[in-house]
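**Q** I'd like to ask you about the structure that follows.
FYI, it's all coordinate maths here, none of it is from the lab. Remember, it's a predicted structure, so these values are computed and weren't measured experimentally. Cβ coordinates were reconstructed from backbone atoms using ideal geometry, including for glycine residues, and neighbour counts include every protein chain displayed.
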Amino acid sequence: MNFLKISAAAVCALLCAACGDSSREETLIVATEATFPPYEFREGDRIVGIDPEIMRAVAESLGRRLVIEDMSFDSVISAVSTGKADVAASGITVTEERRRQVNFSLPYVEARQVVIVPAQRGVSSPAELRGKRVGVQHGTTGDLYVAKHIAEPERFQNGALGVSALLAGKIDVLVLDDQPAKVFEKKHPDELRILPEPLASESYAFAVAKENAELLAGIDAALREMRADGRLEAILKKYTADGAGTLPAWDDAAGASAGTAAEKRAGTPGAFYTNFVEGGRWRYLANGLLVTLEVSFFAVILGLFFGFAVAVIRATHDKNGSLKFADFLCRIYLTVIRGTPVVVQLLIIYFVIFGSVDVSKTLVAIVAFGVNSGAYVAEIIRGGIMSIDEGQFEAGRSLGLSHAKTMVHVVLPQALKNVLPALGNEFVVLLKETSVAGYIALQDLTKAGDVIRSQTYTAFLPLLAVAAIYLAIVMLFSALLSRLEKRLKRNER
């Protein structure tokens, strides 16, 4: 399940487009992910940090009104390259792969990739990372570095989730940028420590669309002015954990990535090759599909088990008033599960219920989605049971069948025929709900598409491929369900 964020800025942009207003040209829309202190984070309703403060100064220099859009990190560059935002400012490292999609400003800070480890565990240097469960923030250069040089990492939506997994023992180490790592270490001084030897050094810069050379020049001019009058260094010192930011060395080549869109297309491989062939990226989709099918299949079975049990208990209580305590427990289950989002349930099961147990993330996902689906299946089946004429119960009892046997042999077969379309719809919904499994670093089909996007910085083809695969699965399932319904109807003749 994907969550749609509608901000005031987005609404304003829509209104401006509808009215033909030119106010978009008077704003500077900045894409960021505000869970990356000290570069960007929230204080109350405001997004603050190094990047927002620099961007406020840049917007003032350009005479434009600043609008900050908070989104996932793996979407910030895509937002710029597709025109949804003017600038990406989210602690973005300059890499050649990213230069294919966007231009970069002058770098404004030097950073390092470091390793965070539990204070009481034996990892003492980056050389010992092989064979360890390495966590990363999805889409970062730490993600790319670990995948290329160490092993396939466990990818979390943001650094905070990665730290939570590290503290809970779900991973052995976490690779993160040095300044955010210092913030987390300061919050957990007795539990976390940073290895002194960094994995890599890098420079941060702001990303601008290839076609927007004028904006890039304006940002560079503002950065030069801020460095000359000391404001840039003051901002870095204000927010960094050690009170000192490292300014990069600039030369004439710094930030020079302002090739034209035509040059970009001519100098890079085709989009299909880049997204699916290069580096064997199609394997992400293949492996993600297997995970999605595995989780969905076993979650359906678990959901049916819970659903049948709860439905029979509640229907029995409704008909003869028995099983009062069991019915009370079932009502609590239905209220809690249907009243809370599935992604919250998934995180609670992963970090709380199985917090001290080292279990497979696939098992966690099966339990979470199965328990969630069971609540909806229960009400669907209960509705089917209650729709059966009371005379069917009476006929079964008159033949000497017990209430339980009447329910199993007479009522449930008829109820299942009635609710089969609704059950099929619930299973389709369950299949698509598994798309949030990435919150616990489980690489399902949707997460696989996100991994490809984070490596190629293109949105269209990875998202289209994921959507097409989901659509194919749903169409196949719907066809099988339709055949089953027709067969059951023939048996009624």
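**Q** Quote the convex hull volume per residue of the range 122-184, based on C-alpha atoms, as a whole number of Å³.
**A** 83
**Q** Say each of S387 and A119 gets a label point 7 Å from the Cα, pointing the same way as Cα to Cβ; how far apart are those two points in nm?
**A** 6.0
**Q** Oh, and also: How much of the DSSP beta bridge set in the range 65-185 is antiparallel, as a percent to the nearest 5?
**A** 40
**Q** What is the extension gain from R130 to A395, computed as 0.36 nm multiplied by their sequence separation minus the C-alpha to C-alpha distance, in nm to one decimal?
**A** Working it through step by step, the gained length comes to 88.6 nm.
**Q** Can you tell me the length gained on complete extension of the stretch R42 to L488, counting 0.36 nm per residue apart and subtracting the Cα distance?
**A** Extra length from R42 to L488 when fully extended: 154.9 nm.
**Q** In the range 126-256, with Lys and Arg counted as +1 and Asp and Glu as -1 at Cβ, which of these residues, A127, A160, S203, has the Cα nearest the positive end of the dipole, that is, farthest along it?
**A** Going by the charge dipole, the pick is A160.
**Q** How much FRET efficiency would the formula 1/(1 + (r/R0)^6) give for R65 and E278, where r is the Cβ-Cβ distance and R0 is 51 Å, rounded to 0.05?
**A** Computed FRET efficiency for R65 and E278 comes out at 0.80.
**Q** Taking square-rooted eigenvalues a ≥ b ≥ c of the alpha carbon gyration tensor, is the range 34-84 rounded, prolate or oblate, where a/c under 1.5 means rounded and, failing that, a/b exceeding b/c means prolate?
**A** oblate
**Q** Further, regarding this structure: Which far-off residues, 5 or more places away or on another chain, put their amide H under 5 Å from the one on R193, with H placed in the peptide plane?
**A** Distant-sequence amide H within range of R193: V117, A119.
**Q** Next up: Among the lysines, which fall within straight-line cross-link reach of K84, defined as a Cα-Cα distance under 20 Å, with same-chain neighbours fewer than 8 residues apart omitted?
**A** K5, K210, K264
**Q** Based on the mean of other beta carbon atoms within 10 Å per residue, what is the order of 26-39, 348-361, 378-391, most packed first?
**A** 26-39, 378-391, 348-361
**Q** To the nearest 500 deg cm²/dmol, what mean residue ellipticity at 222 nm is calculated for the chain from DSSP H runs of n ≥ 4 alone, each contributing -39,500 (n - 2.57), summed and divided by the residues?
**A** Mean residue ellipticity, 222 nm, calculated: -17500 deg cm²/dmol.
**Q** Which order do peptides 468-476, 422-430 fall in by mean Cβ count within 10 Å, highest first?
**A** 422-430, 468-476
**Q** Right, next: Relative to the first principal axis of the alpha-carbon coordinates of the chain, what is the inclination of helix 324-339, with its axis defined by its Cα atoms, in degrees from 0 to 90 and to the nearest 10?
**A** It works out to around 30 degrees.
**Q** Based on Cβ point charges of +1 for Lys and Arg and -1 for Asp and Glu, what charge dipole magnitude is obtained for the range 161-222 about its Cα centre, in debye rounded to the nearest 20?
**A** It comes to approximately 240 debye.
**Q** Along each of its three principal axes, how wide is the spread of alpha-carbon positions in the chain, in whole angstrom units, largest first?
**A** Principal extents (Cα only, largest first): 95, 58, 43 Å.
**Q** On to the next question. Quick check on the range 333-420: take the gyration tensor over C-alpha atoms, sort the square-rooted eigenvalues as a ≥ b ≥ c, and tell me if it's rounded (a/c under 1.5), prolate or oblate.
**A** prolate
**Q** Pairs K132/K432; K148/K187; K186/K237; K182/K238: which are spaced more than 22 Å apart, C-alpha to C-alpha?
**A** The answer is K132/K432; K148/K187.
**Q** Could you tell me how many degrees, from 0 to 90 and to the nearest 10, lie between the Cα long axis of helix 361-387 and the main elongation axis, the longest principal axis, of the Cα atoms of the chain?
**A** 40
**Q** Right, here's the next one. Just the number, please: percent antiparallel of the DSSP beta bridges in the chain, rounded to the nearest 5.
**A** 60
**Q** If you don't mind, there's one more thing I want to ask. Determine the distance separating the Cα centre of the range 412-432 from the Cα centre of the range 339-385; give it in Å without decimals.
**A** 18
**Q** Can you compute the FRET efficiency between R56 and A422 using 1/(1 + (r/R0)^6), with r the Cβ-Cβ distance and R0 = 60 Å? Round to the nearest 0.05.
**A** Efficiency at R0 = 60 Å is approximately 0.70.
**Q** Long-range amide H contacts for T246: which residues qualify at under 5 Å (H placed 1.01 Å from N, peptide plane, sequence gap of 5 or more or a different chain)?
**A** Placed amide hydrogens put E110 under 5 Å from T246.
**Q** Would you kindly derive the ³J(HN,Hα) couplings of the range 227-239 from the backbone phi angles with the Karplus curve 6.51 cos²θ - 1.76 cosθ + 1.60 (θ = phi - 60°), listing them in order in whole Hz, with x for Gly and Pro?
**A** Rounded to whole hertz, the list is 6, 5, 8, x, 5, 5, 5, 5, 5, 4, 5, 5, 9.
**Q** Tell me the label-point distance for the pair I332, L363, using the 7 Å Cα-to-Cβ offset, in nm and rounded to one decimal.
**A** Label at I332, label at L363, 2.5 nm between them.
**Q** Here is a further query. By per-residue mean of other Cβ atoms within 10 Å, what is the highest-first order of 365-376, 271-282?
**A** Taking the mean over residues of other Cβ atoms within 10 Å, the ranking is 365-376, 271-282.
**Q** Amide H to amide H under 5 Å from L66: which residues, 5+ apart in sequence or cross-chain, H placed 1.01 Å off N in plane?
**A** Amide H to amide H, under 5 Å and 5 or more residues apart or across chains, L66 pairs with L28.
**Q** Identify, among F306, A79, H149, the residue whose Cα sits farthest towards the positive end of the charge dipole of the chain, taking +1 on the Cβ of Lys and Arg and -1 on the Cβ of Asp and Glu, with the dipole about the Cα centre.
**A** Checking the options against the dipole of the chain, the answer is F306.
**Q** Using only Cα atoms and rounding to the nearest 10 degrees, what angle (0 to 90) does helix 460-491 make with the longest principal axis of the chain?
**A** 0
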